[in-house]
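*Asks:* Got a structure here, written out as C-alpha cells. Questions coming.
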Amino acid sequence: MFDLMQINPGLWVIAAGLVCALIPKTSATSYIRKFLIIAAPVFAAWLIFQIYDSSEVLGGKLSFSGIELTTLRIDNLSVVWGYLFCLAGLINGIYGLHEKCRITDSSALVYTGAAIAGVLSGDMISLFIFWELTAISSVFLIWKGGDRSYAAGIRYLAIHVLSGVMLLAGAIIYAGANGGDFSFNYIGLDAPGGWLLLLAMGIKCGFPMLHMWMQDAYPKASITGTVILSAFTTKFAIYALARAFPGTDILIWIGCVMTLFPVFFAVIENDLRRVLAYSLNNQLGFMVAGIGIGTTMALNGVVGQVFVHVIFKSLLFMSIGAVMYRTGTAKASELGGLFRSMPYTTVFCLIGAGSIAAFPLLAAFVTKAMILSAAIEEHLYIPFLMMLFASAGVMEHSGIKVPHFTFFAHDSGRRVKEAPWNMLAAMGIAAALCILLAWPWGGYQMLYDLMPYEADYKPYTVDHVVFQLQLLFAAIFAFTLLKRFKLYPAERRAEIIDADWLYRKLGLNIVTWISAMWTRLGAHTNRLRRSTTDALGRKLYQAFSPAGTMSEGTPSGLPAVLTAGVLVIVLAIAYMAGT
Amino acid sequence: MALMDYIPEWLLIHGPAVIIVLPLIMAAVTSILPGRKPAWFVAMLVTIICTVTAFAVAIYNLKTGVDVYPMGGWDPPHGISLLIDALNAPILVLITLMAVVSLVYALPATLAEVEPKKRAPYYAAFLLCVAGLLGMVVTGDAFNVFVFLEVSSIATYVLVAMGAARDRRALSAAYNYLILGSIGATFFVIGIGFLYMETGTLNMADMGRILADLDGGSRVAKVAFGFIVVGLGLKLAMFPLHNWLPGAYAYAPTQITMFLASTATKAALYLLLRFVFFVFDPDFDYVANVLQFLLVGLGVIGMLFASLQAIFQTDARRLLAFSSVAQVGYMLLGVGIATAASVTAGYLHLINHAIIKGGLFLAVGAMWYRFGITRTADVNGLGKTMPWTTAAFTVSGLSLIGVPFTAGFVSKYQLATAAAANGWWWAVFVIVLTSVLAIFYIGRLLLAAYFQDAPVMEDGQVCTRNEAPLLMLIPMWAMAIASVLIGTNILGASDLVVGASERAANLLLGLGG
C-alpha cells in the first residue's frame, strides 16, 4: 500500500508546507521551515528522477465510488514541468531565506507542491483539486503584500475559483460523454465540454480579456510572493493546454493577440512589477501560440520556452524584488541610477533582460526561435509577423525599460546596500542557468534533451544570430531615438487599468447602483418581510419551544391515552385492509 | 480471521447463550463488590468478553450457516431457541461495542454523576441492561423477548433514576419512563398473547410459518399486530409515543444516555423489523397498510415535528434527544417503504445514528463534566476552552446533518435514493428539509462554541482551557472517527456496514439472504 513510487511527489511538498504551518512560531523553528523549503523541492525532484523511466509511468491509482483516479502520471511532457517546478521552488526558497514569515513559507510550499502534484496528476479530478489548491494557497502570498493587496487577493481568488469550477464542470461533461473516463489526455474543442475546459485554462493562463487578475494581483503581492507567484500558476495552465489542446487553431490567434496587447500597456506602465506582469502575459502568448501550431517543433519550442521562461522571469522579478527590498518601491519614476549601489543585482537583471529579449547566448534565444520557425514552416505568416513585432516589444519593455529605469536613467539619488546574500545567490543560480541553457557548446543540447520530441533544431546558425541581433538593435535604436526626442512615455505615477476596467469600474458602478436601489427597495419591503418572518417564527416558537403547546410537560396519563389512540388507529387501518 | 483461532470451539457453539448468561450472573456478583474500581473492572471485563464472543459468534454462524441454538438441548419449537442471523448479528455487535465504549467513558464520568455508595449497583444495573438487550435481540422466542425487554427496561429505569445525584429531575423522568415503558411492555405482551391464541406457539419462526399458512390469520392476528406495533413503537420512541425519551435522555448519567440512545431504541427497532417482516409478512394486507400509512406517516411527521422541537430547545441534551426522535423517523420511513433498498437504508441509519448520537451525547456529557454546561446558551467559547471535545462534537454533528464524507450522508443518501426509486419524491423533500433543520439545531451550538468568546468568570478572569479527561476523549473520538471512516469508506468501513445492512434487508425480504 505504502509505496514511495506510487505517491505523487508534489504531495510531499504539500505535506512539508502543512508541517511548516503547524509547527509553532519561534526563532528556532524558522530554521526547520527554511530547511523544509529547500529540502522539499529537492526531494520531490529526486523522486521524479527515481520514478521516471523515459516512458509513461502511471501510478497511485485510486477508485472513488466508481471513478478511477490516476494520481501519478510522469511522461515525457509532465516530467519537464515536474523538474522545472522543483527547480523554481528551490530558487524561490533560497530567495526567500531572509523572510521570517510562517504564512509565506507554508503557503509557498503548499503552492509549489500543488503545482507539482497538479502537473503530475493523470486525471481531471486530481487536476481540479490541485488547480484549486494552487489558487487557495497562493492567495496568502498576495495578502502578505499589505493593505492594498486584500481586495486584489479577493478578486484573484474569485477568478481562480471560478476557473476551477469551470474546469470541474467541463471535466464532468467531458467524462460523462466518454463513459465516466476522467483520465486527462488530448481533449480538443470538438469534445463535449471542450470549450468550458479551454475557458477554464484560458483564465489561468491569461487569455486576452481574461488576463486582468495577473496584472492586478502580482504587483500587489509581497516581494517574495510575486517571485513565487510568477513561476507556477500560469505555467501550470500552459501545461494543461499543451496536454489537452495541442494543434487547436484558435489558440494561434489567441496567442498572437496575447503577445501583442501587453506590449503597449507595458510601455506606459510605471510600476515595474506590473510591467513584468504584462511581459509575463506576453511571454505566455508565445507559448499559447506554439501550442496552437501544434507541430512537434512548436511543442518542443513551447516546452523549452516554458523552462527557460520560468528561470529568467523569476530572475527579473527577483532583481526588481531585491531593489524593492532595499528601496521600498518598484515605481520607475522613483528609481534610477542604482547600478552604483547594487552592481551585482544590475548584472543579474541585465542577464535576465537579455534572456527574455532572446539575445544570442542567452536563454530565450534557443527556444523562442523554434516557435517562430514552426510558424513559418506551417506558412502562418501573419502570426509570425505578429510574434516578431511582439519580440521587438519584449526587447522594448522588458529588455530595455526595466533595467534602464531601475539601474540607469536619471540618478534618483538613492544609495542603498547591495541585495542580501541569499537573494544574490538565488539570482546567481538563475542567471547561471540562463547562460548555461543557451551555451552553444553543449549547453542548449541539455535543454533539448528534455523536450518531449526529438529536437534537431540548430539555433546557432549565422542567419538566425544575425537576424536576431538586427531585430534587437533596431529595438534599442528605436528606444534611444524616442528617448532622445522625448517621445518615449515618461514614467508617471498612475495605475493603468485595462480590461479590468470592466469589473473594477463599470462593474463596480453597476453594483453600487444595484446596491443603492436594493437599499431603497429593502427599506420598503423590510417591514413587510420582518413582520411575516417574525410572525412565522413566533408561531413556530409558540408551538415547538419547550414552553410551547406541543412540548408542554405532561403527566404520564396523557401519553398513555395517546398510546391507546395510536392503537385505535393501527387497528382501524388493519381492519380496513381486511374488508 | 486470526481472531477465530483463539476462540475455543465450545464458546463458538454456546456463544449465543454465553452473551446473555455471563452478564446476568456477573451483574449479581458486581452488585456486592466493594467500591467503584472493582465493579467497573468486572463490568468492563464482562462486556469485552461479550463483544469478542458476539463478534466470533456472528462470524462463525454466518460462516457455518447454523443459526439456531437450542437452549438446554430442547429443539424448537418446543424448547427455547436462540438464533443468530444476518439481521441480529450486527445489532449484537453494536450493543456490545457500545457497552465497552460507554464503560470507558464511565470511569471518569461516574465520579461526578453517581453517588459513591451506589456505584457498584450502578454497574450491576448496567450489566443487567446489557444482558436484557442482548437477550431480546438474540432470542428466537416471542415470550422470551418480552422477558428480556422487561429485564433491560427495569434496569434502565434504575439507571435513569441514578442521574438524580446530578439533577433531581431524573427521578420524575425515570418515573415517567417507568409508567410509559410498562405500558409499552404490556401492549407488547398482550400482542404476544393474541398471537399465541392464533398460532399456538411462541417460537417466532414457527409463528411466521403458521401465519403464512393461515394467509395472515384472523382478526386476532390483526389485533396482535396492532398491539405489538404500538408496544414496540413506544419502546423505540416512535412519534407521538416519544414522550418519555427527552426527559430520560436529558437527566440520566451520560454513559446511560449514550448507551440508551445508541442501543435501546435500536434494539426495539430491530424487534419491530423482526416482527413485521419475519413473524408477520408485508404481503399481508393489514401489515402493508400499517407500514405504508402509519409507520411512514408517523415517521415523517415525527421527523418534522421533533426537528422543529429540537431547534427551540434550551437544554443541549434535550435537543439531542429530540433529534433522536427525528432520526427514528428516518428509520421508520426506511422500514415503511419496505423495498430492499429502503430497508437497507433504514438499517444502515440505525447503525450510523447509534455511532453519531453516541459521539454527540459523550461530547455534551464532557462539557457538563468540565463546566457544568447543560443549557445551549452556555456553550459559548467552548471551541477555545475544550477544543478537542468541541472538535469531536463538530465531526459527529456534521455527520448528523449528513455532510458528505460522513456516516450520516451515506445513510441519508441511501434513504433518499430508495424513496426516489419508489417514486416518493415528497419523502426525498422531507429528508432534505429535516437535514436543513438539523443544520439549524447543530449549527446553533457550533456557532456559539466557535465564534462566541469564552465566558468571564466571577473573579473577572476569562475561562481558560480545560479539556475533558483522556478517558472521555477516547470514546467520543472513536465515535467521531468511526463516522468519518464510514463516510469515506477508508479501511472499507462503509462497505462493511452497508454490506451488513444489505444482508439484513435481503434476509428480511426473503431475497436469498
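Each value in this text was obtained by applying a stated rule to the coordinates, not by laboratory testing. This one's a predicted model, so the numbers in the text were calculated from it and none came from an experiment. With ideal geometry, Cβ positions are generated from the backbone for all residues, glycine too; neighbour counts draw on all protein chains shown.
*Asks:* Would you be so kind as to identify which of A:173, A:383, A:232 lies farthest towards the positive end of the dipole of the protein assembly as shown, taking Lys and Arg as +1 and Asp and Glu as -1 on Cβ and the Cα centre as origin?
*Replies:* Working it through, the farthest residue towards the positive pole turns out to be A:232.
*Asks:* Roughly how many debye, to the nearest 20, is the charge dipole of the protein assembly as shown about its Cα centre, given +1 on each Lys and Arg Cβ, -1 on each Asp and Glu Cβ, and no other charges?
*Replies:* Its charge dipole is roughly 3880 debye.
*Asks:* About the Cα centre of chain A, how large is the charge dipole given +1 on each Lys and Arg Cβ and -1 on each Asp and Glu Cβ? Please answer in debye to the nearest 20. Working shown, then result.
*Replies:* Details: 39 positive and 32 negative charges, 518 e Å.
The calculated dipole for chain A is roughly 2480 debye.
*Asks:* Which lysines have a Cα less than 22 Å from the Cα of residue A:458, not counting those fewer than 8 places away in the same chain?
*Replies:* Partners within reach: A:368.
*Asks:* Continuing with the same structure: Spin-label point model (7 Å from Cα, Cβ direction): what's the residue B:196 to residue A:268 distance in nm?
*Replies:* Calculated label separation equals 10.0 nm.
*Asks:* For residue B:69, list long-range residues whose amide hydrogen, built 1.01 Å from N in the peptide plane, is under 5 Å from its own amide hydrogen.
*Replies:* The list, which skips near neighbours in sequence, is B:82, B:83, B:84.
*Asks:* If you place +1 on the Cβ of every Lys and Arg and -1 on the Cβ of every Asp and Glu, how big does the dipole about the Cα centre of chain B come out, in debye to the nearest 20?
*Replies:* 1260
*Asks:* Using a 10 Å cut-off on Cβ atoms, rank the peptides A:238-248, A:345-355, A:412-422 from the highest mean neighbour count down.
*Replies:* The densest-packed peptide leads the list: A:345-355, A:238-248, A:412-422.
*Asks:* Still on this model: Please compute the net charge surrounding residue B:385, taking Lys and Arg as +1 and Asp and Glu as -1 over other residues with Cβ under 9 Å from its Cβ.
*Replies:* Residues near residue B:385 contribute +2 overall.
*Asks:* Of A:204/A:313; A:144/A:483; A:313/A:417; B:63/B:357; A:25/A:313; A:61/B:384, which ones are farther than 29 Å apart at the Cα? Write out the running numbers ahead of the final one.
*Replies:* Details: A:204/A:313 17 Å; A:144/A:483 37 Å; A:313/A:417 23 Å; B:63/B:357 31 Å; A:25/A:313 32 Å; A:61/B:384 40 Å.
As for pairs spanning more than 29 Å Cα to Cα, those are A:144/A:483; B:63/B:357; A:25/A:313; A:61/B:384.
*Asks:* Students often forget the sequence filter, so: which lysines lie under 19 Å Cα-Cα from residue B:118 once same-chain residues fewer than 8 apart are removed?
*Replies:* Here the lysines satisfying the reach criterion relative to residue B:118 are B:37.
*Asks:* Using Cα pairs under 8 angstrom and six or more residues apart, how large is the relative contact order of chain B, in percent?
*Replies:* 14
*Asks:* Pick out the long, greasy-scoring helices in chain A: whole DSSP H runs spanning 30 Å or more along their own axis by Cα, mean Kyte-Doolittle at least 1.0.
*Replies:* A:27-51, A:149-177, A:223-244, A:249-268, A:296-327, A:462-484, A:557-578
*Asks:* If you count, for every residue in B:281-293, the Cβ atoms of partner chains within 10 Å of its Cβ, what is the mean?
*Replies:* Shielding by partners across B:281-293 averages 3.
*Asks:* Across peptide A:532-542, what mean number of C-beta atoms from other chains lies inside 10 Å of a residue's C-beta?
*Replies:* Values: counts 0, 0, 0, 0, 0, 1, 0, 0, 4, 3, 1.
Shielding by partners across A:532-542 averages 1.
*Asks:* What ranking, highest mean first, results for peptides A:289-300, A:110-121 when packing means the other Cβ atoms within 10 Å averaged over each residue?
*Replies:* Peptide ranking by packing, descending: A:110-121, A:289-300.
*Asks:* Something else: Could you check the spin-label model distance between residue A:412 and residue B:301? Points 7 Å from the Cα along Cα→Cβ, value in nm.
*Replies:* The answer from the label model is 7.9 nm.
*Asks:* Could you work out the local net charge near residue B:407, counting Lys and Arg as +1, Asp and Glu as -1, over the other residues with Cβ closer than 15 Å to its Cβ? Numbers along the way, then the final one.
*Replies:* Details: positive: B:266, B:357, B:412; negative: B:495.
Around residue B:407, the charge tally is +2.
*Asks:* Normalised by the number of residues in region A:246-514, what is the relative contact order in percent for Cα pairs under 8 Å and 6+ residues apart? The partial results should precede the final answer.
*Replies:* Working: 422 pairs, mean separation 69.7, N = 269.
About 26 percent, as a whole number.
*Asks:* Using Cα pairs under 8 angstrom and six or more residues apart, how large is the relative contact order of region B:294-513, in percent?
*Replies:* Value for region B:294-513: 27 percent.
*Asks:* Still on this structure, please answer the following. Applying a 10 Å radius around every beta-carbon, put B:290-302, B:483-495, B:452-464 in order of their mean neighbour count, most first.
*Replies:* Working: B:290-302: 21.2, B:483-495: 18.0, B:452-464: 10.8.
Result, highest mean Cβ count within 10 Å first: B:290-302, B:483-495, B:452-464.
*Asks:* Now, a different point. What distance in nm lies between label points placed 7 Å from Cα along the C-beta direction at residue A:562 and residue B:41?
*Replies:* 4.6
*Asks:* Here is a follow-up. Which of the lysines could a cross-linker span from residue A:505 if the Cα-Cα distance has to be under 20 Å and same-chain partners fewer than 8 positions apart are dropped?
*Replies:* A:220
*Asks:* Just counting partner chain Cβ atoms within 10 Å, what average do the residues of peptide B:311-320 show around their Cβ?
*Replies:* Mean shielding count: 3.
*Asks:* Let a ≥ b ≥ c be the square roots of the eigenvalues of the Cα gyration tensor of region A:246-514; is it rounded (a/c under 1.5), or, if not, prolate (a/b larger than b/c) or oblate?
*Replies:* Judged from the Cα gyration tensor, region A:246-514 comes out oblate (a/c at least 1.5, b/c at or above a/b).
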